[in-house]
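Inspection log for the structure reproduced underneath, given as C-alpha cells.
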Amino acid sequence: MDDVLAAWPGLGSLAVLLALLLGHRLWLRLLGVVLVPEDSVGLVNKRFVLFGAHRTLPDGALLALRGEAGLQADTLAPGVHFGFWPWQYRIELQPFITVPQGQLGVVESRDGAPLVGGRVLGRHVDCGCFQDARAFLEGGGERGPQLTIIPPGTYRVNTALFSVVFAPALEVGDNMVGIVTTKEGAPLPTGEIAGGEVPGHNLFQDGQAFVDRGGFKGLQEQVILAGRYFLNPRFVTVETREMTTVPIAHAGVVIAYVGAPGVDVTGESFRHGNLVGKGQKGVWVEPLDPGKYPINPHTHKVANVPTANVVLNWATGKTEAHNLDANLSTIVVRSSDGFTFNLDVSQIIHIPRTDAPKVIARFGSVGNLVTQVLEPTIGNYFRNAAQGADAIEFLKGRQQRQNDAKARISEALAEYNVGAVDTLIGDIAPPDKLMKTLTDRKLAEEETVTFETQRLAEETRRALEQARAVANTQARVVDAEREVTIAAFHAQASVRKAEGDAQAKTTNAAADAMVLTTVGGAEAGKVQAVGFAEADVIERKVAAVSNEHYTTIEVARHLAGSGQKLVPDVVAGGSAGSLVDVVLAQLARAR
C-alpha cells in the first residue's frame, strides 16, 4: 500500500484532505490511513492472509517476519501510514519507552531462539537497543531475559516482542568497593571459589564481552570501585563493602583464597606454614603497608598485625583498645608456704613487619598467638616462680622476679618470631593476714626510722644550739683572745722590765754590797776599835767598883735618859728594898 501511495502522491493528499473535510478520525481509519503521533510507535497485528505461502506463523514463533497473520515484527514509526485497512489490520499505538537518567532498561524477549547450554540470559544481538525487532529475530536473538541493557534515553521498542522494566544504576560510594557475582558465564573449575579477572568488559557493563572472553559464573575476584555503573541486575548482583584498611603501625598480611597454586618461598628455615608470592594462593610473604586497598574480602583476607609495641594485661577488667587481652584475667598463684594470692602482669610484645606473615602463617591471627602461646607461657612462669618461694620472699623479690620473667619470656617468644619488650608485675594482692603481718613489720620499721630520725634531729638541734652559742660568744672570745695577746705582750714587757730592773738592782746591789762591804769593813774596824776602847774603859770601871754596882749605875743612866718617872709619889710600908727593885717594878707596871 505504501508503494501505491508513493507512486500516486496525489491520492494520499486527497485522502488527507477528505479526512480534514469530514473532521473525523473514523473516516481516515476506514480509508486505511493510520496516524501515529510523534511520541508513539504503532504495533501492527495482521488479522488474516488470504493468499501466499506465508499465511501462518512458523511453529513456536510469536511475531511475523514475512507478512504472516499475527503480531508483526515491524512497527509503524510516527507519521501517516496508508493501506492498513481496518478489517485486516489492528493498529495499537504504544508510547515510546523512555529510560530516565540514573536508571537502565532491563529487557526480556517473548520470541527468539531458545536458550541453550545452561545459559540464563540471551546473548547480545545488534538491533539498535532493541528498536529493530526484525534485526533481533533474524540475527539469532534468543527468547528470555537479555544480557544487553538499554541505557538512559528514549526508544521505539516493539513491546509486543520486548518487555522493559527499569532498574536503578549501581552507585558505589567513596572508599567502597563493589563485590560482583555473575549469573552468566562458564562454570568455575573444581576447587575454585571465584573467577579471575577478565579484561575488556568495562567493569561488567558489557556482559557479552565478559562471556566471550571466558568469564566465569559466580563470585568474581575483580571488584568495582567508586562510581556509577549500568549493570544488568539479571546478569550481576553487587554487594558494596568498605575498602580494606591497614591502620597506622600495622602490617596487612594477605591470605589469598584464589590465584595460581602457591610455591613456598621460606625454604627450610620456616616449617610452620607456606609463604607465597603476591598473586598466588596462600599467605603472601610481602605484607601491605598502612593504607586503603580495594580488596575483595570474599577472595582475600587481610589480617592486620600490629607492628608497634602491644601491651597485654593479665588483669581482670582491664583491657587495651586492641582488645587482644579481652579474655585474659588476673593470674592466681600459690606460694611454697601455702598462701594463695592474685598477681597482675603486663606483657609488652613487638612483632616486626617482616615477621608478621610468619605469625599469621603459624597461628592464623594475633589473637590465636595470645591464646596459644602468650597466655600459657606467662601464666605458667609466674605460677612456677611463686611455688619456688614463700609469699614474703616473693613480694620482696618483685624486681628480681620481674627481670627473670623478662629474660625467660623473651627466650620463649623468640621461637615464635615475637619480640618480648618488657614484662611488668602490676598489683599483687596477698592474703589479708600476710598483709597485716607485713604492715605491722613495716610500721615497726618505720617507727624505728622515725625514732632514729628524731634522735638525729635532736643531735642536730644540740649541735645547732652549740654552734649558735659559740657564734654568740665569738665576739667575746675574740676580745678575750686579744686581751690574752695584749696581756702576753704586757707580761713579756713586764718580764723584760723586771729582768732589766733585776739586772739593774743586781748591779746596784753588787755595787751597794761592795760599798757596804767596804764601809762595813771600815765601820766594823771602827766599832771594833771603839768597842775595844769602851770595853777597856768599862773593864777599868768595873775594876774600880763591884759588878753589881756597875750594873745599877748603867741602868740608872739609861733610865734617866728615857724620861721615865722613876720614884713614886707615895711609897707604902715595908722595907725600902733596893733601888733597882723599885725601878723594875715601876717599869713593869707602866707596860
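Is it true that some residue in segment 133-150 is polar (S, T, N, Q), buried (at least 16 other Cβ atoms within 10 Å of the Cβ) and touching a residue at least 24 places away in the same chain (Cβ under 8 Å)?
yes
Check whether at least one residue in segment 349-367 is touching a residue at least 40 places away in the same chain (Cβ under 8 Å) and assigned to a strand (DSSP E or B), and report yes or no.
Checked against the condition, which is being touching a residue at least 40 places away in the same chain (Cβ under 8 Å) and assigned to a strand (DSSP E or B), segment 349-367 yields at least one hit.
Take residue 125 and decide whether it is more than 24 Å from residue 39 (Cβ to Cβ), in contact with a Pro (Cβ under 7 Å, 6 or more places away or on another chain) and not assigned by TED's automatic domain parsing to the domain that holds residue 76.
It is false that residue 125 is more than 24 Å from residue 39 (Cβ to Cβ), in contact with a Pro (Cβ under 7 Å, 6 or more places away or on another chain) and not assigned by TED's automatic domain parsing to the domain that holds residue 76.
Would you be able to tell me the number of residues in segment 389-405 that are over 13 Å from residue 348 (Cα atoms) and at pLDDT 85 or above?
5
Sort out which residues of segment 328-359 are at pLDDT below 90 and under 30 Å from residue 247 (Cα atoms), and write them in order of number.
Correct list: empty.
Would you mind telling me which numbered condition in (1) within 24 Å of residue 411 (Cβ to Cβ); (2) assigned to a loop (DSSP other than H, G, I, E, B); (3) of a type in the set (Gly, Ala, Ser) residue 329 fails?
With (1) within 24 Å of residue 411 (Cβ to Cβ); (2) assigned to a loop (DSSP other than H, G, I, E, B); (3) of a type in the set (Gly, Ala, Ser) applied to residue 329, the lone miss is (1).
Residue-by-condition table, conditions (1) touching a residue at least 40 places away in the same chain (Cβ under 8 Å); (2) buried (at least 19 other Cβ atoms within 10 Å of the Cβ); (3) part of a loop (DSSP other than H, G, I, E, B); (4) among the charged types (D, E, K, R):
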{"position": "35", "(1), (2), (3), (4)": "yes, no, no, no"}
{"position": "43", "(1), (2), (3), (4)": "yes, yes, no, no"}
{"position": "49", "(1), (2), (3), (4)": "no, no, yes, no"}
{"position": "55", "(1), (2), (3), (4)": "no, no, yes, yes"}
{"position": "61", "(1), (2), (3), (4)": "yes, no, yes, no"}
{"position": "84", "(1), (2), (3), (4)": "yes, yes, yes, no"}
{"position": "116", "(1), (2), (3), (4)": "no, no, yes, no"}
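Conditions (1) of a type in the set (S, T, N, Q); (2) at pLDDT 95 or above, marked per residue:
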{"site": "113", "(1), (2)": "no, no"}
{"site": "118", "(1), (2)": "no, no"}
{"site": "146", "(1), (2)": "yes, yes"}
{"site": "163", "(1), (2)": "yes, yes"}
{"site": "167", "(1), (2)": "no, yes"}
{"site": "197", "(1), (2)": "no, no"}
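I need a count of the residues in segment 403-414 that are charged (D, E, K, R) and touching a helix residue (DSSP H, G or I) at 6+ places or on another chain (Cβ under 9 Å).
Qualifying residue count, segment 403-414: 2.
Counting only residues that are assigned to a loop (DSSP other than H, G, I, E, B) and basic (Lys, Arg), which one in segment 118-150 is farthest from residue 229 (Cα to Cα)?
Per the criteria, the residue is 143.
I'd like the full set of residues that are among the hydrophobic types (A, V, I, L, M, F, W, C) and surrounded by fewer than 18 Cβ atoms within 10 Å (Cβ to Cβ), limited to segment 204-232.
First, the residues of segment 204-232 that are among the hydrophobic types (A, V, I, L, M, F, W, C): 204, 209-211, 216, 219, 223-226, 230-231.
Across segment 204-232, the qualifying residues are 209, 225, 226.
Residue check, residue 319 against (1) surrounded by fewer than 21 Cβ atoms within 10 Å (Cβ to Cβ); (2) among the β-branched types (Val, Ile, Thr); (3) out of contact with any Gly (no Cβ under 8 Å at 6 or more places or on another chain); (4) outside any loop (DSSP other than H, G, I, E, B), all met but one. Which one?
Tallying (1) surrounded by fewer than 21 Cβ atoms within 10 Å (Cβ to Cβ); (2) among the β-branched types (Val, Ile, Thr); (3) out of contact with any Gly (no Cβ under 8 Å at 6 or more places or on another chain); (4) outside any loop (DSSP other than H, G, I, E, B), residue 319 fails exactly one: (4).
Might you let me know whether segment 228-240 holds any residue that is more than 29 Å from residue 303 (Cα to Cα), out of contact with any Ser or Thr (no Cβ under 6 Å at 6 or more places or on another chain) and among the acidic types (Asp, Glu)? Full working, then the answer.
First, pick out the residues of segment 228-240 that are more than 29 Å from residue 303 (Cα to Cα): 228-235.
Restricting the remaining residues to those that are out of contact with any Ser or Thr (no Cβ under 6 Å at 6 or more places or on another chain) gives 228-235.
Of the ones still in play, those that are also among the acidic types (Asp, Glu) are none.
No, because not a single residue in segment 228-240 is more than 29 Å from residue 303 (Cα to Cα), out of contact with any Ser or Thr (no Cβ under 6 Å at 6 or more places or on another chain) and among the acidic types (Asp, Glu).
Among the numbered criteria (1) surrounded by 14 or more Cβ atoms within 10 Å (Cβ to Cβ); (2) on the phi > 0 side of the Ramachandran plot, which single criterion is violated by residue 94?
Every condition holds for residue 94 apart from (2).
The rows are residues; the columns are (1) outside any strand (DSSP E or B); (2) buried (at least 20 other Cβ atoms within 10 Å of the Cβ); (3) of a type in the set (Val, Ile, Thr).
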site	(1), (2), (3)
234	yes, yes, no
239	no, no, no
282	no, yes, no
286	yes, no, no
308	yes, no, no
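Filter segment 168-183 down to the residues that are crowded, with 20+ Cβ neighbours inside 10 Å and under 29 Å from residue 118 (Cβ atoms) and list them by number.
170, 178, 179, 180, 182
Each row is one residue, and each column tells you yes or no for (1) at pLDDT 90 or above; (2) among the charged types (D, E, K, R); (3) assigned to a helix (DSSP H, G or I).
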residue: 407; (1), (2), (3): yes, no, yes
residue: 412; (1), (2), (3): no, no, yes
residue: 421; (1), (2), (3): yes, no, no
residue: 438; (1), (2), (3): no, no, yes
residue: 452; (1), (2), (3): no, yes, yes
residue: 471; (1), (2), (3): no, no, yes
residue: 489; (1), (2), (3): no, no, yes
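Can you confirm whether segment 93-108 contains a residue that is modelled with pLDDT of 85 or more, under 60 Å from the mean Cα position of the chain (by Cα), part of a loop (DSSP other than H, G, I, E, B) and not polar (S, T, N, Q)?
For segment 93-108, residues modelled with pLDDT of 85 or more, under 60 Å from the mean Cα position of the chain (by Cα), part of a loop (DSSP other than H, G, I, E, B) and not polar (S, T, N, Q): present.
The values are calculated or read from the model by the stated rules, or taken from the named source; none is laboratory data. All values derive from a computational prediction rather than experimental measurement. Glycine also receives a Cβ, built like all others from the backbone with ideal geometry; neighbour counts cover every protein chain displayed.
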